[in-house]
Amino acid sequence: MAAILENKIIFMVVLVVGLWVSQAWSRSLKDATMAEKHEIWIAKYGRVYKDNAEKERRFNIFKENVEFIESFNNAGHRPYKLGVNAFADLTNEEFRNSKNGYRSSSIFKTPETSPFRYENVTTVPTSIDWTKKGAVTPIKDQSQCGCCWAFSAVAAMEGITKLSTGKLISLSEQELVDCDTSGEDQGCEGGLMDDAFKFIIKNGGLTTEANYPYQGVDGTCNNGKASNHAAKITGYEDVPANSEESLRKAVANQPLSVAIDASGSAFQFYSSGVFTGDCGTELDHGVTAVGYGTSDDGKKYWLVKNSWGTSWGEDGYIRMERDIDAKEGLCGIAMEPSYPTA
């Protein structure tokens with residue numbers, strides 16, 4: 001009897017040890033697979049780490065982000081997907097600090113004090129896509145400079161220039177970064193689209209991207225290049241705040257600068273579909289509304305051009321849910337829209 005009991009105990013010990021070894025091996029295998037994913041990702045995006053300690057730290061961040069993305073997608077309860085993009089080895093805080101440079105304005109005009117030329121528009125199309133109408137330049141990449149405000153303002157200006165002259169011209173964000181520094185706009189440290197419009201008007205226009213190419217860092221204003229204007233605007237107007245209907249009237253007529261709350265991890269790794277959140281209304285990122293429509297499954301959306309390169313989102317774009325219950329719109333998109341005039 002004692003021998004049988006002893007054999008049972010030995011068997012249980014062996015079984016427990018075996019299970020522990022199996023679980024440990026599974027964890028090691030999972031880590032090895034994740035390490036391989038990291039190496040593939042490093043090669044794809046050309047990431048270089050200063051030493052092994054930095055690589056190990058970035059791997060742990062990468063692993064955490066990939067697990068978040070996979071868990072989110074596997075849940076399958078949202079109309080959008082996340083993806084492993086160029087920001088996969090950044091913490092959300094690092095991501096926000098390097099990408100989101102919109103300085104929300106406490107003096108943004110109200111509908112009572114700002115003209116709105118599309119106020120009396122009564123008929124608008126059910127959908128519009130300015131990219132298909134040739135009024136939007138290819139996706140650009142602000143890199144590690146927080147000058148989203150410049151990219152948003154330039155994209156809106158490129159749109160109105162196309163509509164008023166028939167010419168689609170890629171204009172210079174770097175001119176704004178280097179030269180528009182006397183007010184709220186402070187290059188890579190952030191700024192406002194309306195202040196960019198003010199500078200462009202006062203300056204007499206903007207030069208081309210080719211003439212004053214983007215560097216992704218704050219520089220000294222090259223007045224010689226900046227004086228070679230390729231396009232100009234005559235003014236700008238603010239869309240009545242907190243009205244998606246007013247925003248739709250405006251977007252039906254031209255691309256618009258809009259500010260959003262892009263601080264969340266879901267926004268950081270957005271890949272495809274109609275984005276429905278989660279996000280708040282702490283505006284921190286300038287983008288450009290270039291259309292609107294309805295998805296195949298009936299969800300209304302805004303088509304938004306971002307400035308994070310083509311590896312993010314739907315080749316650099318995001319579709320954001322439209323006509324939600326909150327008056328501010330999803331991520332605050334209806335809070336501070338504006339557009340240049342020509």
Hits in region 200-210 - residues which are surrounded by fewer than 21 Cβ atoms within 10 Å (Cβ to Cβ) and either outside the structural domain of residue 307 (by TED's automatic domain parsing) or touching a strand residue (DSSP E or B) at 6+ places or on another chain (Cβ under 9 Å) (or both): 201, 205, 208, 209
Step by step: first the residues of region 296-317, then only those that are more than 17 Å from residue 333 (Cβ to Cβ) and more than 12 Å from the chain's Cα centre (by Cα), then the one that is modelled with the lowest pLDDT. Which residue is that? 297
Spot the failing condition for residue 242; the list is (1) touching a residue at least 60 places away in the same chain (Cβ under 8 Å); (2) at negative phi; (3) in a loop (DSSP other than H, G, I, E, B), and only one is missed. (2)
Taking region 148-169 and keeping residues crowded, with 17+ Cβ neighbours inside 10 Å and among the small types (Gly, Ala, Ser) leaves 150, 152, 153, 155, 156, 159
Of the residues that make up region 259-267, is at least one in contact (Cβ under 8 Å) with a residue 12 or more places away in the chain, on the phi > 0 side of the Ramachandran plot and in contact with a strand residue (DSSP E or B) (Cβ under 7 Å, 6 or more places away or on another chain)? no
Applying the selection to region 59-98, what residues are part of a helix (DSSP H, G or I), surrounded by 19 or more Cβ atoms within 10 Å (Cβ to Cβ) and in contact (Cβ under 8 Å) with a residue 40 or more places away in the chain? 65, 69, 95, 96
So residue 107, is it surrounded by fewer than 17 Cβ atoms within 10 Å (Cβ to Cβ), at pLDDT below 95 and in the same structural domain as residue 228 (by TED's automatic domain parsing): yes
Looking only at region 211-230, decide whether some residue is in the same structural domain as residue 166 (by TED's automatic domain parsing), free of Cβ contacts under 8 Å to residues at least 60 places away in the same chain and closer than 18 Å to residue 338 by Cβ. no
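The values are calculated or read from the model by the stated rules, or taken from the named source; none is laboratory data. Predicted model only: the values in this text are computed from it and were never measured. Positions of Cβ are backbone-derived with ideal geometry, glycine not excepted, and every protein chain shown enters the neighbour counts.
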